[in-house]
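Just below is one structure, and these are the notes that go with it.
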Amino acid sequence: MQLVKEADSVELKTSVPESEQRSAVRALGLDPLVAQIRQVYFFDTPDLRLDAHGLIVRARRVARRGDDTVVKLRPVDPERMSSGLRHSADFGVEVDAMPGGFVCSGSLKGAPSRAEVRQVAAGKAPIRKLFTKPQRKLFAEHAPDGLELDDLSLLGPIFVLKFKWPPMGYDRKLVVELWLYPDDSRILELSTRCAPHETFDVATETRSFLTDSGVELSGEQAPKTRRALDFFSRQLQDST
C-alpha cells in the first residue's frame with residue numbers, strides 16, 4: 001500500500017501459460033498483422049552483476065516509432081529517491097503488480113537516434129553512446145565499482161509483438177506482449193496501467209474481463225526480463 005501511494009503509476013500484469021496462449025489469442029481477437037514489432041536488447045556482464053545490484057540496462061528498436069533506452073533500478077524505495085531525479089520528466093516510479101507478487105522500480109528513459117541501437121548491436125559504436133548524460137550518471141551511481149557501460153555484454157535480441165487496444169467489453173486499453181525467445185519458448189503477457197488510487201478497482205475489473213473472456217489466469221507467472229537475462233547469460237558463459 002505504501003509503495004503504491006508513492007508511485008507515479010501501477011502496471012497490472014499477468015502471463016498466460018504456453019499451453020493456453022493460442023486460446024487466449026483467439027479469445028481476445030488478436031490479429032498478428034497489426035502488431036507492433038520490437039527488438040529488445042539488454043546489457044549486463046555474463047554473470048549478471050548489474051542484475052545482482054538491482055540495475056537493468058536496456059535498449060529497444062520499435063517499428064514505426066523509433067528507438068528508446070532505459071536505465072532501471074529495481075527494487076527501489078520511492079521515498080529514498082533524490083528530489084532531482086523524482087522531478088525529472090524522463091524518470092518514473094512504477095509498481096509492477098502480478099499474481100503472487102509486486103516490485104517497485106524507477107526508470108530513467110532516453111531516446112537515441114534511430115541508427116544507434118543497430119550500430120551498437122553490430123559492434124560499430126560503443127554502448128555508452130546509446131545513453132543520455134543523466135542515464136550515464138545514474139548508471140555510475142548504482143553500478144558495481146569499476147564497471148563501465150562499455151564493459152557490458154550484449155544480451156539479445158528478443159523479438160516482441162505488441163498489441164495495445166481497448167477490447168470490446170473492457171473500458172481501458174489492454175496491452176498484450178508476445179516475447180519470442182531464441183530457444184522457441186514464449187511469454188504472453190497481458191497488462192494495463194492505472195493511477196495508484198485506481199489500483200484495486202482496475203485489478204478487479206481486469207480480472208473479471210479476462211476470466212469472462214476465457215483467458216487462463218491460474219498458471220505460474222513468467223517474468224519477461226528474468227527469462228531473457230537468464231537465457232543470454234547462460235549462452236555467454238557457455239561460449240567462453
Which numbered condition ASP201 fails, given (1) under 20 Å from the mean Cα position of the chain (by Cα); (2) without any contact (Cβ under 8 Å) to a residue 40 or more places away in the chain: (1)
Residue match in region 182-204 (condition: in contact with a Pro (Cβ under 7 Å, 6 or more places away or on another chain) and modelled with pLDDT of 95 or more): no
Out of everything in region 154-171 that is in contact with a helix residue (DSSP H, G or I) (Cβ under 9 Å, 6 or more places away or on another chain), surrounded by fewer than 16 Cβ atoms within 10 Å (Cβ to Cβ) and touching a residue at least 12 places away in the same chain (Cβ under 8 Å), what residue ends up being nearest to PHE42 (Cα to Cα)? ASP171
Mind checking whether some residue in region 135-153 is surrounded by fewer than 16 Cβ atoms within 10 Å (Cβ to Cβ) and over 22 Å from LEU50 (Cα atoms)? no
Return the pairs, sorted by first residue and then second, in which the second residue is surrounded by 16 or more Cβ atoms within 10 Å (Cβ to Cβ) and of a type outside the set (S, T, N, Q), the first residue lies in region 123-134 and is without any contact (Cβ under 8 Å) to a residue 12 or more places away in the chain and farther than 22 Å from SER107 by Cα, the beta carbons are less than 7 Å apart, and the residues are 6+ apart or on different chains. ALA125/GLU116
Considering region 1-34 alone, what residues qualify as being among the aliphatic types (A, V, I, L, M), farther than 14 Å from LEU178 by Cβ and within 21 Å of the chain's Cα centre (by Cα)? LEU3, VAL4, ALA7, VAL10, LEU12
Hits in region 35-85 (condition: modelled with pLDDT of 95 or more, over 13 Å from the mean Cα position of the chain (by Cα) and of a type in the set (S, T, N, Q)): GLN36, THR45
Restricting to region 181-199, count the residues that are within 18 Å of GLU220 (Cβ to Cβ) and of a type in the set (A, V, I, L, M, F, W, C). 3
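The values are calculated or read from the model by the stated rules, or taken from the named source; none is laboratory data. What you see is a predicted model; the values in this text were computed from it and never measured. Counting neighbours? That spans all protein chains shown, and the Cβs are built from the backbone with ideal geometry, glycine included.
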